[in-house]
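Chemist: Shown below is the structure under consideration.
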Amino acid sequence: MRHFLVMTAFAVMAAVVFGTVAKDTPRARLTYGLKVFVEFMAIGLVLSWILYFLPF
Amino acid sequence: MSRADIEQLHSRESAPARAWFMGLAAWLVPGLGHLLQGRWVRGLLLGGAVWLSFLGGLWMGGHLFTVGGNEQGLSALLQLPPMIANLGSGILYIISWVFGVGFADDPAHAARATYEYGNTFLLVAGLLNYLAMLDAFDISAGRKE
């Protein structure tokens with residue numbers, strides 16, 4: 001659970017910065033920030049399951 | 001190309017001293033570059049993310065990198081990229097360096113379950129602040145709204 005919380009905190013902070021600096025309008029920033037957050041979380045979860053099954 | 005276009009292009013290419021100052025302020029104190037330009041929400045969001053990331057990293061027992069420790073040769077050189085990332089946190093890194101917080105390099109410290117998380121948060125805090133610094137510079141130079 002702690003790992004998931006840390007990963008979520010990381011994704012939130014990275015998404016906030018990426019969303020703020022990357023786009024020009026508030027709506028585009030929000031959309032992009034959410035997209036980055038979801039991508040961080042999804043890729044993190046997929047990678048964690050792949051690594052879980054690796055025997056080393 | 002008209003004279004007005006050339007003047008506009010010239011003003012875009014040569015950033016004013018104010019932009020360099022804003023960039024420096026944004027690097028030194030995360031969020032300050034935007035706050036000085038009246039971008040309160042942006043400054044609080046960017047500064048807040050960097051401060052939280054840095055303090056969270058220290059809280060989790062992360063390690064700050066520096067060149068000139070016990071390492072020698074290539075090993076010392078390998079400390080340079082993470083140190084550059086850490087240095088992006090500006091005054092947070094400087095204060096930590098002055099007070100020796102986060103620079104401990106002992107096995108017991110590294111054995112903490114959250115040690116690597118802390119390292120990552122500290123590195124990313126600096127890298128995110130470099131992005132915020134460039135953003136503050138661009139806004140002040142008129143290249144960005």
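Chemist: Can you list the HN-Hα couplings for the stretch B:121-129, worked out from phi with the Karplus curve (6.51, -1.76, 1.60; θ = phi - 60°), rounded to whole Hz and with x for Gly and Pro?
Modeler: Per residue, the Karplus-derived 3J(HN,Hα) values read 4, 5, 5, 5, 4, x, 5, 5, 5 Hz.
Chemist: Follow-up question, since we're still on this one. Would you kindly derive the ³J(HN,Hα) couplings of the stretch B:95-112 from the backbone phi angles with the Karplus curve 6.51 cos²θ - 1.76 cosθ + 1.60 (θ = phi - 60°), listing them in order in whole Hz, with x for Gly and Pro?
Modeler: After applying 6.51 cos²θ - 1.76 cosθ + 1.60, I find 4, 4, 5, 4, 8, x, 8, x, 9, 4, 10, 10, x, 4, 5, 6, 7, 4 Hz.
Chemist: If you build the Cα gyration tensor of the protein assembly as shown and take the root of 5 times each eigenvalue, what three semi-axes come out, in whole angstrom, biggest first? If you can, show how the numbers build up before the last one.
Modeler: On the way: eigenvalues 224, 103, 45 Å².
Computed over the protein assembly as shown, the values are 33, 23, 15 Å.
Chemist: Additional query: Per-residue Cβ counts within 10 Å, from other chains only, averaged over B:134-141: what number is that? Mind showing how you got there, number by number?
Modeler: Values: counts 1, 4, 1, 0, 1, 1, 0, 0.
If you average over the peptide's residues, the count of other-chain Cβ atoms is 1.
Chemist: With a bin width of 5 angstrom, please list the P(r) values of chain A as percents of all Cα-Cα pairs, from the 0 bin to the one holding the largest distance.
Modeler: Per 5 Å bin, starting at 0, the Cα pair percentages come out as 4, 21, 22, 19, 14, 9, 6, 3, 1, 0.
Chemist: Right, next: Hey, what did chain A get for relative contact order, percent, Cα under 8 Å, at least 6 apart? Could the numbers behind the result be given before it?
Modeler: Numbers: 31 pairs, mean separation 18.7, N = 56.
That works out to 33 percent.
Chemist: Let me know the mean shielding of A:10-20 by other chains, meaning the per-residue number of their Cβ atoms within 10 Å of its Cβ. It would help to have the intermediate numbers written out before the result.
Modeler: Details: counts 6, 0, 3, 12, 6, 1, 8, 14, 3, 1, 12.
For peptide A:10-20, the averaged partner shielding equals 6.
Chemist: What list of ³J(HN,Hα) values in whole Hz, one per residue of the stretch A:15-24 in order, does the Karplus curve 6.51 cos²θ - 1.76 cosθ + 1.60 (θ = phi - 60°) give from phi, with Gly and Pro shown as x?
Modeler: 5, 4, 5, 4, x, 6, 8, 8, 10, 9
Chemist: A further question follows. For the stretch B:16-140, build the convex hull from the C-alpha positions and give me its volume per residue in Å³. Show your work: numbers first, answer last.
Modeler: Working: hull volume 12.7 nm³, N = 125.
Given the Cα convex hull of the stretch B:16-140, per-residue volume reads 102 Å³.
Chemist: Note the per residue figure in Å³ for the convex hull of the C-alpha positions in the stretch B:53-105.
Modeler: Once divided by residue count, the hull of the stretch B:53-105 is 73 Å³.
Every read-out reported here was derived from the displayed coordinates using simple, explicitly stated rules and does not represent laboratory data. Small disclaimer: the values here were computed from a predicted structure and weren't measured. Here the Cβ is made from the backbone with ideal geometry for all residues, glycine too, and neighbour counts use every protein chain on show.
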